[in-house]
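Take a look at the structure below.
The values are calculated or read from the model by the stated rules, or taken from the named source; none is laboratory data. Being a predicted model, the structure only gives us computed values, none of them experimental. Using ideal geometry, Cβ is built from the backbone for each residue, glycine included, and neighbour counts are taken over all protein chains shown. Remember, those area values only see protein heavy atoms, side chains included, never the ligands or the DNA or RNA. Shrake-Rupley method; radii C 1.70, N 1.55, O 1.52, S 1.80 Å.
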Amino acid sequence: MPNLKPSLLLTGTALMLGLSTAQAAEYEWKFQASETAGEPSFQIKQEWAEKIETMTNGRVSIEVMPINSVVGPTETLQAVSSGIIQGHMTDPSYFSGQNPAFGMLGNLVGAWSDPYDFLEYMKYGGGEELYNELASPYGTHLISAATFPLESIPSTVEIDSIDDFQGLKIRAPQGMVYNIFERIGATPVNLPGSEVYTGLEKGVIDAADSTVLSNNDAMGIHEFAPYPLYPGFHSMPMIAVSLNKEIWDGLPEELKTTLETAFDGMAYDLIARLKAQDIETLQALNDNPNVTPIDLSNEERKAFRQAAEQEWREWAGRNEMTQKVYDSATAFLTSRGLL
């Protein structure tokens, strides 16, 4: 037998055992998302976690888990703060009960007609700084803000006007969107996104504020709710990509920059890919005789926006942070001719 060096013997043993000689990740984190595992947006988030592992040469490993994997959707803020999980990718509106400012920043309902306007506000209009001012006392740090294209509303009944929301049992998470649906006469039901399918199937709800058209179709929701409102007009929730603040503060600057750059890239990737999927889904639904997509008129959209603006002003007076969010967001919208 040839006289092999110990290092070669170890390498050969590792290969025979099928073991990797790569160094273990320096940082291993679990992030809980707000979607089920089968939704296209969840799969995109998982892809970006894999890209980050590559971009950091294996130093950072992120496991993205679906909704309810560790805690409920309203509990991820506390779970990240306490270290039960290290991060989340979720709608801050779920935390409105802890501070209503989370609901305003998470989903200023009716404010945004284009997701790129929202990203501009968060990145360059002061939104991210304001969010971290809000989130810091809760032990979390916002790495990047993402969002979806405007959400669809799958419905079991036709909705052709704002008046048709009268008495409609519609799923809505706690927060501003819940209150605005109340304002226009609907009867909101607070269900997690994971229960929308069964809620529509069993008649617990008539309609749902529930993600984008392609996500809903992927879950089979249009089988029970054949009247989706599209394009969306009401809700475009933020995805707060956040990490435990103590962990964030301890990271080297190069990893902070890599994470910010990667998750900013994910934000634009999500919008573009989901928009393309929505268009493809709409074409298929238009060819389906059992489904009737509905596009509300500009007059009806304006009526909803007017109701939403009343709710913004009501929320603004709740505390110092909600007033800051209102002032910041409306100033940005006004400066861009969007209000």
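Checked across the range 264-283, the condition of being modelled with pLDDT of 95 or more, over 23 Å from the mean Cα position of the chain (by Cα) and either closer than 30 Å to Gln46 by Cα or surrounded by 14 or more Cβ atoms within 10 Å (Cβ to Cβ) (or both) holds for at least one residue. Taken over the range 159-179, the criterion of being open to solvent by less than 20 Å² (accessible area, probe 1.4 Å), in a helix (DSSP H, G or I) and at pLDDT 95 or above is satisfied by Ile162, Phe165. Does Val80 meet the test of being in contact with a strand residue (DSSP E or B) (Cβ under 6 Å, 6 or more places away or on another chain) and at pLDDT 95 or above? For Val80, the condition - in contact with a strand residue (DSSP E or B) (Cβ under 6 Å, 6 or more places away or on another chain) and at pLDDT 95 or above - is met. A single entry from Ser144, Ser113, Ser155, Ser214 fulfils the requirement of being touching a strand residue (DSSP E or B) at 6+ places or on another chain (Cβ under 7 Å) and closer than 24 Å to Leu296 by Cβ: Ser155. For Gly220, are the conditions met, namely being open to solvent by less than 20 Å² (accessible area, probe 1.4 Å) and on the phi > 0 side of the Ramachandran plot? No. Quick check on Glu53: is it under 18 Å from Leu251 (Cβ atoms) and acidic (Asp, Glu)? Considered against the rule, which asks whether it is under 18 Å from Leu251 (Cβ atoms) and acidic (Asp, Glu), Glu53 comes out as yes. Candidates are the residues of the range 191-217 that are in contact with a Phe, Trp or Tyr (Cβ under 8 Å, 6 or more places away or on another chain), part of a loop (DSSP other than H, G, I, E, B) and farther than 17 Å from Gly167 by Cβ; the one that is most open to solvent (accessible area, probe 1.4 Å) is Thr211.
Just checking, which of Leu255, Leu296, Leu274, Leu333 is of a type outside the set (Phe, Trp, Tyr), closer than 19 Å to Gln86 by Cβ and touching a residue at least 24 places away in the same chain (Cβ under 8 Å)? Answer to the check: Leu255.
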